[in-house]
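Worksheet: the structure to be examined is printed underneath.
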Amino acid sequence: MPSGPDQSSIELAARLNAHAELATILSTTRLSPSITEVIIKGDHHLVGPPGSDVMIRVVDAKGRYVRRRYSVRRVDETSESFALWIVTSHEGPGSTWASSARTGDLVDVVGPRGKITLDPLADWHLFVGDTSGLAAFYRMAQSIETPGRAIFIVEVATMDDALTAPFDEGLGVTGIFVDRTSRPHDDASGLLDGLSAFALPPDVGHAYVFGEFHVMRAIEVALRDRGLDEHQISTKAFWRTGRHNAEMGEPEKDL
Ligand SMILES: Cc1cc2nc3c(=O)[nH]c(=O)nc-3n(C[C@H](O)[C@H](O)[C@H](O)COP(=O)(O)OP(=O)(O)OC[C@H]3O[C@@H](n4cnc5c(N)ncnc54)[C@H](O)[C@@H]3O)c2cc1C
């Protein structure tokens, strides 16, 4: 059994100015048909601010090591642990790892990763995406200083995946869950309809758009059409329909 993270993770962490650790799984829980929560006991240095993620080293179907990135849902400082919400409704190395992970398993983690954090100057925060974005959305929204406003427009495969989160009383919260029904994963029309049904508040806002590659692009265009400028939109494609994410966990960006 290895006593520390793989040498490649140590080198990667050094390049990224991050940390590498062979951490331990505390628990795994199926929260909904598509979402599994994995709680990992690991050094707090692995975790960055709300919006950040960690890289998990997993094995693909051909036996090769690849990395998958997962946003941190919440941190428990007492038990030095953090939770991930992982979509497990498809077949892929990350999904397989999360579905089969058991308490006590070791996991090679590099973190923190990610550049998108909460815009401290925004009066309202709009979170748009699919279930893969929920962990980041909720952790970011829970860090909004009150009074403030959070709006969620999230597409789910089934309403049972519409997980909610507790927020401070002083936070105005609007949640719109869009049922994907039979639409393909790269069809943005459900989220676009959800977005157009919602009147954006006045004053200064910031949109965070996390989910499927093609859908994220369509949402970004729609938000620009609604008057948000590029500094008010933070978009990150988390995965891409019909393709594995690349070895380092990012979806391919070519068209
Ligand atoms: C910065 C960052 C943060 C992320 N945070 C999270 C997170 O908190 N939770 C989370 O679940 N994911 C998150 N992701 C996405 C996750 O890393 C990818 O979904 C990853 O591709 C899943 O890996 P996989 O090995 O299971 O599937 P892959 O090998 O990448 O893909 C296999 C197949 O499954 C499909 N697929 C992949 N993801 C999904 C999905 N969500 N729904 C439906 N089909 C899918 C692909 O299109 C492909 O056909 C994040 C990605 C990034 C870049």
Quick check: the distance between the Cα centres of the stretch 188-255 and the stretch 1-74, to the nearest angstrom?
25 Å
In whole Å, largest first, the alpha carbons of the chain cover along the principal axes 56, 38, 34
Along the charge dipole of the chain, pointing to its positive end and built from +1/-1 on Cβ of Lys, Arg, Asp and Glu, which listed residue (8, 228, 54) has its Cα farthest out?
8
Within straight cross-link reach of residue 253, meaning Cα distance under 16 Å, which aspartates and glutamates are found once same-chain residues fewer than 8 apart are removed?
186, 212, 220
Computed helical MRE - 222 nm, the chain, DSSP H runs ≥ 4 contributing -39500 (n - 2.57), nearest 500:
-5500 deg cm²/dmol
For the stretch 171-255, calculate the relative contact order in percent as a whole number, restricting contacts to Cα pairs under 8 Å that are 6 or more residues apart.
26 percent
How large is the translational diffusion coefficient of the stretch 14-145 in µm² per second when you combine the Kirkwood radius over alpha carbon pairs with Stokes-Einstein at 37 °C and 0.692 mPa s?
217 µm²/s
Once the Cα gyration tensor of the stretch 124-239 is diagonalised, what are the square roots of 5 times its eigenvalues, in whole Å and ordered largest first, as equivalent ellipsoid semi-axes?
21, 17, 12
Listed peptides 174-181, 135-142 by packing density, highest first (mean Cβ within 10 Å):
135-142, 174-181
Would you mind calculating the gained length between residue 96 and residue 199 on full extension (0.36 nm times residue separation, minus the Cα-Cα distance), in nm to one decimal?
33.1 nm
Sort 90-96, 232-238 by packing, meaning the average of other beta carbons within 10 Å per residue, with the highest value first.
232-238, 90-96
7 Å from Cα along Cα→Cβ at both residue 159 and residue 61: what's the point-to-point distance in nm?
3.4 nm
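None of the figures in this text is laboratory data; all of them are computed from the coordinates on show. Being a predicted model, the structure only gives us computed values, none of them experimental. We place every Cβ from the backbone using ideal geometry, glycine too, and count neighbours over all the protein chains shown.
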